[in-house]
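Taken together, the values in this text are just the output of simple stated rules run on the coordinates, not laboratory data. Predicted model, so just to flag it, every value in this text is computed and none were measured. Cβ placement follows ideal geometry from the backbone for every residue including glycine, while neighbour counts extend to all protein chains displayed.
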Amino acid sequence: MIKNKIIIDTDPGQDDAVALLLALASKELEILGITCVAGNVPLSLTSENARKILELTRYTEIPVFAGADRPIKRTLVTAEHVHGKTGIDGPVLEKPKIKLQSKEAIEFIIETILSYPKDEITLCTLGPLTNIGLAFQREPRIKTLIKEIIMMGGGFFEGGNITPAAEFNIYVDPEAAAEVLVSGIPITMLPLDVTHKALTSRSRIESFRKIGNKAGIATAEMLDFFERFDVEKYGSEGGPLHDPNVIAYLLRPEFYEGKYVNVEIEVGSDLTRGMTVVDWWSVTTRKKNVYYIDKVKDEEFFNFLIERIKLL
Ligand code: RIB
Ligand code: CA
């Protein structure tokens, strides 16, 4: 089988953690490295959490790198109110034994992309886009070599989740997001418009717990904690499971629907900072730069996730 070579850029985060577990369980993927960024919690915690998640599996040799500890221009905004103090509150996980790589994440991203032929590597981004934006600034050549970027971020019909206008990943580093969206690289965006249709529920969380392996039990405990914020906020039965949709799209694109549109990022206004301005009805002649996903077959998504986590 020809494996899809990916780099996962992430700010774990309970939903990032489940996305990592899905990728680790999927033989179709070759994870070249996991690069961590400040986002849900500071970099010291996101880079620790990624290693804690690897140690729930047998795939502890996958290299983990620390990247940017703050956005390109803005002051870091974190989301402990959603994810808890550790960033993956819920299960009690040991301090990781795995060490961080000494190489800095942005160097790893640049060197890896330059060392492979064109269109071999897909970037899967689960957090603020700071590492990616900085890599493009430091070595613009990589923009011509990357096969695709599949990112969780943005929102339009659903509005925002950190402000009325903006989704968290874009809000934290709008300048980095703008760099990515004008890069010319094929981009698939999984925004709140689709992740808000992939809601956890008591029965879905119990299905993870019933798997009975470390990964399944930890997933249930993380989602028990993670969903409480959105249940209170939206009055829904469960919380949106954002990041695993990035990996699920890569593996099962048939679960998803979207359309090619123009998306631009608000970087000037304080009121709408980080808003993804989506030209859904093509009212402008702006270049269609994003495949914007707005629908998911949520039952198939969760069944797929459960089946894969059983393999860990
Ligand atoms: O807005 C949701 C996104 O922000 C998810 O990636 C979550 O992990 C946080 O990073
Ligand atoms: Ca995330």
Next on the checklist: Below 16 Å, Cα to Cα, which lysines can residue 85 reach? Residues fewer than 8 away in the same chain don't count.
Outcome noted: 52, 95
Checklist entry - Between residue 259 and residue 73, what length comes free when the chain is fully extended (0.36 nm per residue of separation minus the Cα-Cα distance, one decimal in nm)? => result 63.9 nm
Item to check | DSSP-loop GluC sites (Glu not before Pro) across region 226-280, with at most 14 other Cβ within 10 angstrom | outcome: 237
Checklist outcome for this item: region 121-256: spread of alpha-carbon positions along the three principal axes, whole Å, largest first, is 47, 34, 26
Next on the checklist: Can you say what percent of the DSSP beta bridges in the chain, counting only those with both residues inside, are antiparallel? Round to 5.
Outcome noted: 30
Item to check | Cβ-based charge dipole, the chain, positive-most Cα from 114, 75, 133 | outcome: 114
Next on the checklist: Out of the chymotrypsin sites (Phe, Trp or Tyr not before Pro) in region 78-167, which ones are loop residues according to DSSP with at most 15 other C-beta atoms within 10 Å?
Outcome noted: 157
Checklist entry - Each label point is 7 Å from the Cα along the Cα-to-Cβ direction; what then is the distance between the points at residue 281 and residue 111, in nm? => result 5.1
Checklist entry - Regarding region 61-135, what whole-number volume in Å³ per residue does the convex hull of its Cα atoms give? => result 133
Next on the checklist: Run the reach check for residue 288 against lysines, Cα to Cα strictly under 17 Å, same-chain hits fewer than 8 apart removed. What comes back?
Outcome noted: 259
Checklist outcome for this item: Here the relative contact order (percent) of the chain, from C-alpha pairs under 8 Å and at least 6 apart, is 20
Next on the checklist: Which aspartates and glutamates, if any, have their Cα less than 17 Å from the Cα of residue 118, not counting same-chain residues under 8 positions apart?
Outcome noted: 30, 139, 148
Checklist outcome for this item: Under the rule rounded for a/c under 1.5, else prolate if a/b exceeds b/c, else oblate, using alpha carbon gyration tensor axes a ≥ b ≥ c, the chain is classed as rounded
Item to check | Cα pair distances exceeding 14 angstrom across region 270-312, given as percent | outcome: 69
Checklist entry - Ranking 129, 100 by Cβ neighbours within 10 Å, fewest first, what do you get? => result 100, 129
Checklist entry - Which of the trypsin sites (Lys or Arg not before Pro) across region 1-96 are loop residues per DSSP, with 13 or fewer other Cβ within 10 Å? => result 3, 27, 58, 73, 85
Next on the checklist: How are the alpha carbon pair distances in region 1-131 distributed across 10 Å bins from zero to the largest one, expressed in percent?
Outcome noted: 13, 47, 33, 7, 0
Checklist entry - Helix-derived [θ] at 222 nm for the chain: sum -39500 (n - 2.57) over DSSP H runs of at least 4, divide by residue count, nearest 500? => result -10500 deg cm²/dmol
Checklist outcome for this item: The exposure ranking of 167, 94, 80, fewest beta-carbon neighbours within 10 Å first, is 94, 80, 167
Checklist outcome for this item: A chain fully extended from residue 214 to residue 1 at 0.36 nm per residue, minus the present Cα-Cα distance, gains in nm 73.9 nm
Item to check | For region 78-185: rounded, prolate or oblate by the Cα gyration tensor [a/c cutoff 1.5] | outcome: oblate
Checklist entry - Taking the alpha-carbon centroid of each part, what is the distance from region 129-163 to region 1-80 in angstrom? => result 15
Next on the checklist: Given the options 26, 153, 225, identify the residue whose Cα lies farthest towards the positive end of the charge dipole of the chain (+1 on Cβ of Lys, Arg; -1 on Cβ of Asp, Glu).
Outcome noted: 26
